[in-house]
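A.B. asks: The structure that follows is given in the form of structure tokens.
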Amino acid sequence: MRLPLYQVDAFADRLFTGNPAAVVPLEQWLPEPLMQSIAMENNLSETAFIVRQGQGWGIRWFTPTGEIDLCGHATLASAFVITAFIDPQATELLFHTKVAGDLRVSRDGDLYTLDFPTRAPAPATAPADLLRALGGPDPVEVLAARDWFIVYPDAAAVRGLTPDFALLSAIAGKVIVTAPGEDVDFVSRFFAPAEGIPEDPVTGSAHCSLIPYWAARLGRDGLEARQLSARGGRLHCRLLGERVHIAGRGVLYLEGAIHV
């Protein structure tokens, strides 16, 4: 069986920045073990599989080790692939998910805006080894939503973290670290070694928690964000009640086919 494969740098203004995602358009869903094997072979933080469903698209996301419930950058990459190769006239795309409900993506030129649910973090008590595994200074706050949410005093603290990934991988869940920005409203990094992703370059789904937190703290709904991974990424953010808008661009890296 020959399947199309695309790789897109999402939340990127130029190649080799942002977060690379693989996108595999399908006629119908493949068996889950096969989709997992493809994601493992791709060895990217996420591979998105999309299937046309009526006026929209079904979408599922797999890391190298398992299926996840929500992924921003691979959704942006999927929208990029659809508008670049399948339906170039589309400006509004609807994605159906297994857990996160319906997600919408709008396109304005080369800018893609994701409409995602909020996941506001709440105060929490961190596991004993979490802060030690992150290896940074004492945080300002410890919260949690889907992910652990650790707030540091400044961008330098976030940039300077050198996590112990072996220790961090023994702690259940994913970890967002964040602080006020220097040239943007806030910065972040995202770690998920237990999911086969030591550090994710740019994490759209993390901003479902970051946006409501920083909107409340800074007292405004429109925010600019930067993820401080080695590749880096810029995100344009807005809080709209129980939804967030997360906008960025995509750059095509690879177009090919896989044989399974």
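A.B. asks: So, R14, is that one within 21 Å of G204 (Cβ to Cβ), out of contact with any Phe, Trp or Tyr (no Cβ under 6 Å at 6 or more places or on another chain) and exposed (fewer than 14 other Cβ atoms within 10 Å of the Cβ) or not?
C.D. replies: Here the answer is yes, as R14 does meet what is asked.
A.B. asks: Let me ask you something else. Of everything in the range 214-260, what is under 17 Å from the mean Cα position of the chain (by Cα) and not in a strand (DSSP E or B)? Give them in sequence order.
C.D. replies: Matches in the range 214-260: L228, S229, A230, R231, G232, R249.
A.B. asks: Given the condition more than 26 Å from D9 (Cα to Cα) and touching a Phe, Trp or Tyr at 6+ places or on another chain (Cβ under 8 Å), answer yes or no: does some residue in the range 159-169 qualify?
C.D. replies: Yes - at least one qualifying residue is present in the range 159-169.
A.B. asks: Any idea which of A156, A225, A206, A179 is touching a His at 6+ places or on another chain (Cβ under 7 Å) and over 22 Å from A128 (Cβ atoms)?
C.D. replies: After ruling out the rest, the residue left standing is A225.
A.B. asks: A follow-up question, please. Can you tell which of A172, A194 is part of a helix (DSSP H, G or I), modelled with pLDDT under 95 and in the same structural domain as V158 (by TED's automatic domain parsing)?
C.D. replies: A194
A.B. asks: Taking interchain pairs and intrachain pairs at least six residues apart, which have beta carbon atoms under 8 angstrom, with the first residue in the range 113-142 and closer than 25 Å to L167 by Cβ and touching a residue at least 12 places away in the same chain (Cβ under 8 Å) and the second among the β-branched types (V, I, T) and part of a loop (DSSP other than H, G, I, E, B)?
C.D. replies: P127/I171; D129/I171; L130/I171; A133/I171; G135/T162; V142/T125
A.B. asks: Filter the range 227-260 for residues that are touching a Gly at 6+ places or on another chain (Cβ under 6 Å) and modelled with pLDDT of 95 or more; which is surrounded by the fewest Cβ atoms within 10 Å (Cβ to Cβ)?
C.D. replies: The selected residue is R238.
A.B. asks: State all residues of the range 135-151 that are touching a helix residue (DSSP H, G or I) at 6+ places or on another chain (Cβ under 6 Å) and over 20 Å from S205 (Cα atoms); if no residue qualifies, say none.
C.D. replies: Of everything in the range 135-151, those that are touching a helix residue (DSSP H, G or I) at 6+ places or on another chain (Cβ under 6 Å) and over 20 Å from S205 (Cα atoms) turn out to be G136, P137.
The values are calculated or read from the model by the stated rules, or taken from the named source; none is laboratory data. Bear in mind that the values here come from a model prediction, so they are computed numbers and not experimental data. Neighbour counts are summed over all protein chains in view; Cβ atoms, including those assigned to glycine, are modelled from backbone coordinates with ideal geometry.
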